[in-house]
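Read-outs throughout are calculated quantities, based only on the coordinates presented, and are distinct from any laboratory measurement. Quick caveat: nothing in here was measured; it's all calculated off a predicted structure. Backbone-built Cβ (ideal geometry, glycine too); neighbour counts: all protein chains shown.
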Amino acid sequence: NSGTLSGLNSSENAVPSDAKNLRVKLVLLGDSGVGKSCIVLRFVRGQFDATSKVTVGASFLSQTIALQDSTTVKFEIWDTAGQERYSALAPLYYRGAGVAVIVYDITSPESFKKAQYWVKELQKHGSPDIVMALVGNKADLHEKREVATEDGMELAEKNGMFFIETSAKTADNINQLFEEIGKRLPRPPSS
Ligand code: GDP
């Protein structure tokens with residue numbers, strides 16, 4: 001919907017305000033159903049809702065974390081704007097993003113294939129200094145696993161991405177995901 005998209009231009013994104021307080025636009029990419037909304041809600045609200053289809057319900061949610069070096073990072077996490085269904089809209093969505101989190105579901109090889117597509121897409125069209133993370137979600141479903149951890153690792157390594165397996169359901173590695181991204185953000189020169 002155009003109301004959502006009109007907010008997506010990049011002018012106010014990825015501009016760290018100073019060396020100690022970073023602010024960054026973060027987008028999540030990946031197949032529908034891999035758990036993107038659940039990851040965001042787990043991170044921002046500490047909740048998991050398995051029953052209903054979650055919608056973030058705002059153009060973005062934000063969450064600030066403190067890192068060990070006393071830097072704070074404010075993540076502005078954007079709604080997917082239907083990018084799974086309408087891939088032509090995707091560039092509008094990830095333009096100006098300082099962070100792209102590409103999510104797949106470890107029980108779905110198709111979703112892993114789609115993740116590989118997004119890696120290529122971002123390399124072609126994303127901003128050159130974007131921090132990219134690859135996330136294998138639903139790690140709690142180990143008995144249904146169909147994507148080996150090594151496959152995720154290899155894809156990430158080849159493309160200079162950070163890799164982690166998470167569970168939005170159990171909260172496993174969710175905070176770690178965002179902390180590791182925070183550590184990898186480019187720091188503006190301190191004055
Ligand atoms: P999105 O379309 O990528 O935003 O996916 P959702 O966040 O809506 O999640 C899709 C479905 O996967 C929902 O039924 C969730 O309950 C379920 N789900 C999300 N994350 C996990 C997880 O870590 N473990 C398990 N077992 N289910 C999950």
Inset, instruction - Mind giving me the nanometre distance, one decimal, between the label points for residue 32 and residue 151, set 7 Å out from Cα along Cα→Cβ? - result: 2.3 nm
Legend entry - Violating pairs (Cα-Cα greater than 21 angstrom) within the set 113/158; 20/158; 74/120; 20/74; 20/183: 20/158; 74/120
Legend entry - Burial ordering of 93, 117, fewest other beta-carbon atoms within 10 Å first: 117, 93
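In which sequence would 42, 23 go, from the one with the fewest C-beta neighbours within 10 Å to the one with the most?
Taking fewest neighbouring Cβ atoms as first place, the list is 23, 42.
Fewest first, what order do 151, 18 take by the number of other Cβ atoms within 10 Å? Intermediate values should be presented prior to the final figure.
Values: 151 16, 18 11.
Lowest to highest Cβ neighbour count: 18, 151.
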Legend entry - Whole-angstrom gap from the stretch 140-191 to the stretch 19-33, using each part's C-alpha centre: 13 Å
Legend entry - Where labels lie 7 Å past Cα in the beta-carbon direction, separation of residue 68 and residue 175 in nm: 1.4 nm
